[in-house]
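K.L.:
Just dropping this structure here.
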Amino acid sequence: MAQATVSERVREVGFLRRQLTRPELAAIAGAILVFAFFAITAGDQGFLTFGGTISYLQVAAQLGIVAVPVALLMIAGEFDLSVGSMVGAAGIIIAITVTQYGWPLFAGVLLACAVALLVGFFNGYLVIKTGLPSFIVTLAMLFALRGLTIGFSRLITGRTQIGGLSEATQGDVLFPIFAGEVAGIPVSVFWWIGLAVLGTWVLQRTAFGNWIFGSGGDPVAARNVGVPVNRVKIILFMCTALSAALLATIQVMDAGSADVLRGELLELQAIAASVIGGVLLTGGYGSVVGAVFGALIFGMVQQGIFFTGVNTDWFLVFVGVMLLVAVLFNNVIRNRASKG
């Protein structure tokens, strides 16, 4: 009798309704539509070729490497606007130590990663201890870090662009790991996929993933049940900064040079990719898979416009429209699912 009473109170949620509540739904649908659009309009102009596919996957991968940890941080209820500046700073650190001081490449990369972890820790610690919004703290770091990078680069080298990395790193064992290819596919794509798999596993299959959702959904309640909210957020800030250093390593080894302005607007693109992927700006809701498809949409649009022959200045218009449509779509679907 008791079992019958319980079963009457529990409403079974259908498969379709469960799928409609998934945060990545809009991004997956958007990626399919964007691919279909450019396949039709630019399929015979190179978009559907192997080279065309690699071109947009590479763009998506370089954004996605940062978008994955940024999405996790946003789910935890925080923002990091300093990741773009961190890319420029890490690249300059690697370039200066290797070309100016003769350090081995691995030492320059380790120093860049150590600085990134320190910056991430500082961002998280400052947010926790001061109670200031992470938007303000990391915005200040964005300007400070970019300024320090420009200042030190000019002081040491007299330039804001540093070349010579190709010659200095030729034959280095790290080159194929960060700038090589596998079957014609850049390794950055594999880094992106690997981070996406790791991030999804952490978020969906581990206690730390539950802590991330709790920290962003209701931090007070999360603390009351023993979730180390402060530690979770500091670790995620360190992860976003470290991902920026990883991207900087890939870029400087691929291009053979570093630029203090590299990574500009990357922080906004990573946030946009996460939001397109269904991550709420208020925290507590989202997925890594959504951010992956959000980055994929960026890559397809940026390269798709190039293949169609349309002026690439219109790229940002497409991004703005996609961002607004994705947010509206997510809100409509969530509202209908919750009412149903």
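The values are calculated or read from the model by the stated rules, or taken from the named source; none is laboratory data. Note that this is a predicted model, so its numbers are computed, not measured. Note: ideal-geometry Cβ built from the backbone for every residue, glycine included; neighbour counts use all protein chains shown. Heavy atoms of the whole protein, side chains included, go into the accessibility calculation; ligands, DNA and RNA do not. Shrake-Rupley method; radii C 1.70, N 1.55, O 1.52, S 1.80 Å.
K.L.:
Taking the condition buried (at least 22 other Cβ atoms within 10 Å of the Cβ), not in a loop (DSSP other than H, G, I, E, B) and not aliphatic (A, V, I, L, M), does G299 pass?
P.N.:
Against the criterion (buried (at least 22 other Cβ atoms within 10 Å of the Cβ), not in a loop (DSSP other than H, G, I, E, B) and not aliphatic (A, V, I, L, M)), G299 qualifies.
K.L.:
For segment 256-271, state whether one or more residues are more than 15 Å from the chain's Cα centre (by Cα) and in a helix (DSSP H, G or I).
P.N.:
no
K.L.:
Check every one of the helices (runs of 4 or more DSSP H) wholly within segment 108-204 and list those with 3 or more residues that are in contact with a helix residue (DSSP H, G or I) (Cβ under 7 Å, 6 or more places away or on another chain).
P.N.:
Qualifying helices (runs of 4 or more DSSP H): 134-157, 175-179.
K.L.:
Which members of segment 42-53 meet the condition of being within 16 Å of I297 (Cα to Cα) and part of a helix (DSSP H, G or I)? Quick ask: steps written out before the conclusion?
P.N.:
Taking segment 42-53 as the starting set, the residues that turn out to be within 16 Å of I297 (Cα to Cα) are 42, 47-48, 52-53.
Within segment 42-53, A42, G52, T53 meet the criteria.
K.L.:
Could we say that A273 is touching a Cys at 6+ places or on another chain (Cβ under 6 Å), hydrophobic (A, V, I, L, M, F, W, C) and either open to solvent by less than 10 Å² (accessible area, probe 1.4 Å) or under 20 Å from T97 (Cβ atoms) (or both) here?
P.N.:
On the way: touching a Cys at 6+ places or on another chain (Cβ under 6 Å): no; hydrophobic (A, V, I, L, M, F, W, C): yes; either open to solvent by less than 10 Å² (accessible area, probe 1.4 Å) or under 20 Å from T97 (Cβ atoms) (or both): yes.
No.
K.L.:
In segment 98-121, is there at least one residue being of a type in the set (S, T, Y) and modelled with pLDDT of 95 or more?
P.N.:
No, that holds for no residue.
K.L.:
Would you mention how many residues in segment 218-233 are open to solvent by 30 Å² or more (accessible area, probe 1.4 Å) and not in a loop (DSSP other than H, G, I, E, B)?
P.N.:
Of the residues in that region, 7 qualify.
K.L.:
Considering each of T240, T282, T249, T308 in turn, give the residue that is in contact (Cβ under 8 Å) with a residue 12 or more places away in the chain and touching a Cys at 6+ places or on another chain (Cβ under 9 Å). Before you say what the answer is, go through the steps one by one.
P.N.:
Working: T240 fails: touching a Cys at 6+ places or on another chain (Cβ under 9 Å); T282 fails: touching a Cys at 6+ places or on another chain (Cβ under 9 Å); T308 fails: touching a Cys at 6+ places or on another chain (Cβ under 9 Å).
Only one candidate qualifies: T249.
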